[in-house]
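Okay, so here's the structure we're looking at.
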Amino acid sequence: MDDEPLDKPITPQSENPLPGILNSKQETGNMEVHKHAHHVMHKKKWSEYFLEFFMLFLAVFLGFVAENIRENRHDRKVEKTNIKSILKNLQEDSFNLERSASVNEQKIVLIDSLMDLKNSNDADTIFNQHFVYYDLKLGYNDYFQSNQSTFDQMQSSGTLRLISHNGVLDSILRYEAMYKELKSQEGVCAVWWNKAIEQVSLIFDLTFVSHLPAGGLWELSLGDVAKFPLSEIDRRSPVVKLYFNWQANGRLAWGYYVNDLHKVLSYNRILISYLKKEYNIE
């Protein structure tokens, strides 16, 4: 055996005495490093946050605008429907105002004729017939009653707030105020009418008219009265004198009432024309 130098270094056969195990650990370590790289959070720029917020805000805003447009269209449709209904009520009022004004103007003429009869020298028979004729005709009343159905419904449902045209609501409310004034004057007329009716009941027997149909008093003619069994009337009695006084006061009240009827009728026509123009209704 050859002698070898004792100081010769010993060279290992392999730097990795356990190659399989070490390589496996290295690969595992590399995999773990690679895996951790995928979990690093990506930091967004502020512009990306702003864009997301803006898109969300825009979606909500456009939804709100679309809903507002839908509600506004619905409100305008309801508004025009209500105005058309109010116009029908006003047109009905117009007809009834004309009729009521005509009837009450004739009543004033009858009261004037009754006042002339008081100072006449007609024979008692003629006086009795005319007195009863005028009194029975004056017993008929024609008070104007406005059709408030649409206005009342709008008031109770809160849809008066949907009236969007400037001046329309104020114009409608003015009509309502004028109607209330008319009803107030109607109450004054009713007071004197009731007094006259109570007084005339002390002058002659009214039971013969009980068979007349509704509205029959206004249809009476002087010839019809001549056929009735009339009682004797003392034209100089205090009872008759007081009756004439009640009718004289009623004459003033009816005069104011007729004037108010014409005022309401005039404004009624103006309001109808105005609403048709504002809402383009034929």
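The values are calculated or read from the model by the stated rules, or taken from the named source; none is laboratory data. Just so you know, these numbers come straight off a predicted model, no measurement behind them. Note that each Cβ is placed from the backbone with ideal geometry, even for glycine, and that neighbours are counted across all protein chains shown.
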All positions within the stretch 247-282 that are farther than 24 Å from Ser102 by Cβ and buried (at least 18 other Cβ atoms within 10 Å of the Cβ) = Leu275
Which residues, counting only those in the stretch 225-257, are at pLDDT below 90 and of a type in the set (Asp, Glu)?
-> Glu232
Report yes if Asp116 is modelled with pLDDT of 95 or more, within 20 Å of Ser237 (Cα to Cα) and over 25 Å from the mean Cα position of the chain (by Cα), otherwise no.
-> yes
Which condition number in (1) over 20 Å from the mean Cα position of the chain (by Cα); (2) crowded, with 16+ Cβ neighbours inside 10 Å is the one that Leu90 fails?
-> (1)
Within the stretch 88-110, restricting attention to residues that are of a type in the set (Val, Ile, Thr) and in contact (Cβ under 8 Å) with a residue 24 or more places away in the chain, which residue is farthest from Val264 (Cα to Cα)?
-> Ile108
